[in-house]
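Undergrad: Right, I'll just put the structure down here and ask away after.
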Amino acid sequence: MFERFRDSGIDLTSAEAWKARIVFWSGAVLVGLLATLFAWGTEYANEFFIERAHERAWLPFLASPLGLLLVVWLTRRYVPGARGSGIPQAVAALSMTDHGSRSRLLSFRIALSKIGLCLLGILSGASIGREGPTVHVGAAVMFSLGRFARFPHHYMDRGLILAGGAAGIAAAFNTPLAGILFAIEEMARSFEERTSGTLLTAVFLAGITAVALQGNYVYFGTSSATLAPAQTLLPVFVCGILGGLLGGLFSHTLVVTSRRLAGLTGHHPYLLAIACGLAIAAIGWITHGDTFGTGYHEARRIITGEGELGADYPFLKMLATWVSYISGIPGGIFAPSLATGAGLGNTLAGFLSGYPTGAIIILGMVGYFTGVVQTPITAFVIVMEMTDNNALLLPLMATAFIAYATSRIVCPEPIYQALARAFLPQRPAAD
């Protein structure tokens with residue numbers, strides 16, 4: 001884990017090295033604790049808003065625009081680095097070489113503010129998730145603790161950011177393997193051998209902390225859905241191609257509109273927030289509240305067979321997520337994308353008669369999710385871990401890679417890499 005200290009001439013048996021270990025281990029535990037508190041707060045906020053919206057159908061038309069207005073004002077005034085998903089900030093910080101520039105994106109203040117502002121957004125009915133923000137929180141906590149232990153910046157900054165991000169995903173979903181893979185596949189886009197121990201230790205400690213507090217749960221509940229070998233080909237191609245296409249279109253649209261609305265966001269941010277809040281309320285009213293919040297309960301209902309949603313649900317959930325993101329509030333797209341994917345699979349199952357509905361739902365989820373984030377290995381592993389379903393491993397893998405190839409056609413640049421550009425220092429224009 002501390003091979004880098006050996007390379008930099010630090011005695012691994014010294015008091016300074018043990019101080020570094022203790023700070024690092026404490027940081028990983030703190031990430032697990034914050035991820036758990038964030039999860040509990042999200043669950044409460046999500047249920048509170050949806051229950052109130054069901055009791056008073058008019059309430060979202062007041063609460064959503066005013067809530068988003070408040071969140072945007074707080075973000076712009078006090079913590080502009082907290083806006084958006086959080087993964088783009090971590091990706092941008094990894095590409096920087098200056099410690100001071102990284103500190104402007106990753107700090108304790110931003111980490112704590114991110115949690116509070118996301119909870120306010122969910123209390124306003126926004127279609128956002130906590131998983132991307134938890135990556136930001138984890139990266140910020142680990143990076144910030146590094147300076148207390150006096151880690152050599154040029155040796156440890158990247159390792160701390162990667163470890164914090166991986167720990168955040170692992171603790172948020174209770175998916176340790178997916179946490180490691182996401183850090184390698186999305187955040188780093190490469191694997192550094194000397195960072196491996198740091199990643200594994202952080203994921204282990206953060207995951208153990210989350211499990212100790214929340215219990216060893218399966219995120220979406222256990223699914224026993226399977227596909228016979230003779231039934232595999234058509235569902236894999238349909239879910240891979242349509243899921244990848246729809247997910248890629250969502251990512252491309254989100255990136256393009258975020259850039260084109262930059263002027264409006266800068267000059268009329270509060271007007272945009274109010275308009276987006278009204279749109280979220282209207283979409284929620286059309287769906288009887290199903291598009292409000294993270295989408296966790298809707299996805300779980302679909303996967304476990306406890307209830308069904310209309311064929312238009314995935315498209316309206318996708319629209320609500322897009323509106324929520326462009327409003328300028330902090331919030332992720334992980335959970336809403338998984339819910340959209342489950343809804344897409346449920347819709348496709350209606351056309352694929354004779355095939356197991358449960359399996360089509362899970363394949364639709366991995367297809368759309370891969371199309372959005374373009375991390376196929378992370379996608380099929382995270383869905384497999386969240387549904388505790390190993391029987392669909394090969395169909396999930398095939399669907400993910402087909403979706404990835406399809407998504408790249410309509411969205412050549414991965415969404416988080418594209419969004420990270422907004423957080424990089426702007427180079428002066430050439431004369």
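The values are calculated or read from the model by the stated rules, or taken from the named source; none is laboratory data. Keep in mind it's a predicted model, so treat the numbers as computed, not measured. Quick reminder, even Gly has a Cβ in these numbers, built from the backbone with ideal geometry, and neighbours come from all protein chains shown.
Undergrad: Tell me which residues, restricted to the range 32-78, are in contact (Cβ under 8 Å) with a residue 24 or more places away in the chain, in contact with a Lys or Arg (Cβ under 6 Å, 6 or more places away or on another chain) and farther than 17 Å from residue 298 by Cβ.
TA: Matches in the range 32-78: 38, 75.
Undergrad: Do you know which residues across the range 284-312 are assigned to a helix (DSSP H, G or I) and free of Cβ contacts under 8 Å to residues at least 60 places away in the same chain?
TA: Answer for the range 284-312, where residues must be assigned to a helix (DSSP H, G or I) and free of Cβ contacts under 8 Å to residues at least 60 places away in the same chain: 286, 298, 301, 302.
Undergrad: Just to check your reading of the model, which residue among 224, 258 is farther than 27 Å from residue 167 by Cβ and part of a loop (DSSP other than H, G, I, E, B)?
TA: 224
Undergrad: Only one of (1) of a type outside the set (Ser, Thr, Tyr); (2) modelled with pLDDT of 95 or more; (3) within 28 Å of residue 404 (Cα to Cα) fails for residue 230. Which number is that?
TA: With (1) of a type outside the set (Ser, Thr, Tyr); (2) modelled with pLDDT of 95 or more; (3) within 28 Å of residue 404 (Cα to Cα) applied to residue 230, the lone miss is (2).
Undergrad: A further question on this structure: Is it true that some residue in the range 262-283 is of a type in the set (Phe, Trp, Tyr), under 21 Å from residue 373 (Cβ atoms) and either part of a helix (DSSP H, G or I) or assigned by TED's automatic domain parsing to the domain that holds residue 378 (or both)?
TA: Checked against the condition, which is being of a type in the set (Phe, Trp, Tyr), under 21 Å from residue 373 (Cβ atoms) and either part of a helix (DSSP H, G or I) or assigned by TED's automatic domain parsing to the domain that holds residue 378 (or both), the range 262-283 yields no hits at all.
Undergrad: Any chance you could count how many residues in the range 1-43 are among the aliphatic types (A, V, I, L, M), at pLDDT below 55 and in contact with a Ser or Thr (Cβ under 9 Å, 6 or more places away or on another chain)?
TA: At the first step, the residues of the range 1-43 found to be among the aliphatic types (A, V, I, L, M) are 1, 10, 12, 15, 17, 20, 22-23, 28-31, 33-35, 37, 39.
If we keep only those that are at pLDDT below 55 as well, we get 1, 10, 12.
Then keep just the ones that are in contact with a Ser or Thr (Cβ under 9 Å, 6 or more places away or on another chain); that gives 1.
The total comes to 1.
Undergrad: Can residue 326 be described as closer than 27 Å to residue 87 by Cβ, under 19 Å from the mean Cα position of the chain (by Cα) and of a type outside the set (Lys, Arg)?
TA: yes
Undergrad: Can you tell me which of (1) surrounded by 24 or more Cβ atoms within 10 Å (Cβ to Cβ); (2) touching a Phe, Trp or Tyr at 6+ places or on another chain (Cβ under 7 Å); (3) at pLDDT 75 or above is the one residue 144 doesn't meet?
TA: (1)
Undergrad: Also, I was wondering about something else. Quick one: what pairs do we get from the range 160-187, first residue farther than 18 Å from residue 25 by Cβ, second outside any helix (DSSP H, G or I) and at pLDDT 70 or above, C-beta under 8 Å, 6+ apart or different chains?
TA: Qualifying pairs under 8 Å: 172/130; 181/375; 182/375; 185/375; 186/375; 186/414.
Undergrad: Now for a different question. Considering only residues of the range 341-373 that are surrounded by fewer than 22 Cβ atoms within 10 Å (Cβ to Cβ) and of a type in the set (Phe, Trp, Tyr), which is nearest to residue 253 (Cα to Cα)?
TA: 351
Undergrad: Then there is this: Residues being in a helix (DSSP H, G or I), farther than 15 Å from residue 169 by Cα and of a type in the set (S, T, N, Q): count how many of those fall in the range 107-143.
TA: Residues flagged as in a helix (DSSP H, G or I), farther than 15 Å from residue 169 by Cα and of a type in the set (S, T, N, Q) within the range 107-143 amount to 1.
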